[in-house]
Amino acid sequence: MALAHQPSMWDLAEEPALTPLAGRVQRHPLSRGAWVDHLPAWVTGSEAVLEVLLGDIGWRADRRQMYEREVAVPRLLRWYGVEEPLPHPLLGAARAALNRHYGPELGEPFVTAGMCLYRDGRDSVAWHGDRLGRARSADTMVAILSLGSPRPLMLRPVGGGESLRFPVGHGDLVVMGGSCQRTWEHCIPKTARPVGPRVSIQFRPRGVL
């Protein structure tokens, strides 16, 4: 896969590494029992991980039914199931660190990793919540590690309301918790600005889709 990618001059550490979570990640309480944690630059040297993910790791282009026609999903997808090896050691270390930090609060581990590749500003994801599994009726967490060019992650209450904006990229972490998947929605909007590729890695517990 050949994508135009300009490495960040701010994230060219020799080896990718995780920075501490405790005492650094900031929680933003939302309404109706939802919350979002945010930590910019959780991963340093993330460009090395991004280069691996932009390679041939089994990305697929999906299609979906939209009213009376089938359309291409505007991003590429890759799903790593329980115990499936992840394509870079840093991602396994990231999941382990998340489990150490959030395990006592979550009550179970993150076990899967869904990945989305936003190739440029035309790729996006519409407003939605991750409600296909247990998150439809129970509180849970979804942890998102973002690599590559920053894109805004937008959140708003279900039914409409004032939206929040988190610029995510270059190793940033966002964790959506509590009732967030049921009572709030999130999206990555399209942009006409020239932006490079971004990969989103979503760590989830078993049965949360």
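The values are calculated or read from the model by the stated rules, or taken from the named source; none is laboratory data. Being a predicted model, the structure only gives us computed values, none of them experimental. For neighbour counting, all protein chains shown are included, and Cβ atoms are generated from backbone atoms with ideal geometry for every residue, glycine included.
So, in region 151-194, how many residues would count as being of a type in the set (Val, Ile, Thr) and either touching a Leu at 6+ places or on another chain (Cβ under 7 Å) or crowded, with 19+ Cβ neighbours inside 10 Å (or both)?
Count: 4.
Considering 34, 4, 93, 22, which residue is modelled with pLDDT under 95 and not β-branched (Val, Ile, Thr)?
None of the others qualify; the one that does is 4.
Test of understanding: among 113, 138, 126, which residue is out of contact with any Asp or Glu (no Cβ under 7 Å at 6 or more places or on another chain), hydrophobic (A, V, I, L, M, F, W, C) and surrounded by 16 or more Cβ atoms within 10 Å (Cβ to Cβ)?
It is 113.
Please find, within region 141-150, the residue that is surrounded by the fewest Cβ atoms within 10 Å (Cβ to Cβ) out of those that are among the hydrophobic types (A, V, I, L, M, F, W, C) and touching a Ser or Thr at 6+ places or on another chain (Cβ under 8 Å).
144
What number goes with the only condition from (1) of a type outside the set (Ser, Thr, Tyr); (2) surrounded by fewer than 20 Cβ atoms within 10 Å (Cβ to Cβ); (3) touching a residue at least 60 places away in the same chain (Cβ under 8 Å); (4) part of a helix (DSSP H, G or I) that residue 108 does not pass?
(4)
Considering only residues that are assigned to a strand (DSSP E or B), under 18 Å from residue 117 (Cβ atoms) and among the hydrophobic types (A, V, I, L, M, F, W, C), which ones fall in region 174-209?
174, 187, 188, 199, 201, 203
Looking only at residues in region 79-101 that are farther than 10 Å from residue 113 by Cβ and either touching a helix residue (DSSP H, G or I) at 6+ places or on another chain (Cβ under 7 Å) or polar (S, T, N, Q) (or both), which one is surrounded by the most Cβ atoms within 10 Å (Cβ to Cβ)?
Residue satisfying both the conditions and the ranking: 90.
State the number of residues belonging to region 127-153 that are closer than 23 Å to residue 53 by Cβ and part of a strand (DSSP E or B).
Number satisfying all stated conditions: 11.
If a residue has to be within 22 Å of residue 158 (Cβ to Cβ) and either hydrophobic (A, V, I, L, M, F, W, C) or not in a loop (DSSP other than H, G, I, E, B) (or both) to count, how many in region 19-71 make the cut?
Residues that pass the stated criteria total 11.
Can we say residue 90 is of a type in the set (A, V, I, L, M, F, W, C), outside any strand (DSSP E or B) and touching a residue at least 12 places away in the same chain (Cβ under 8 Å)?
yes
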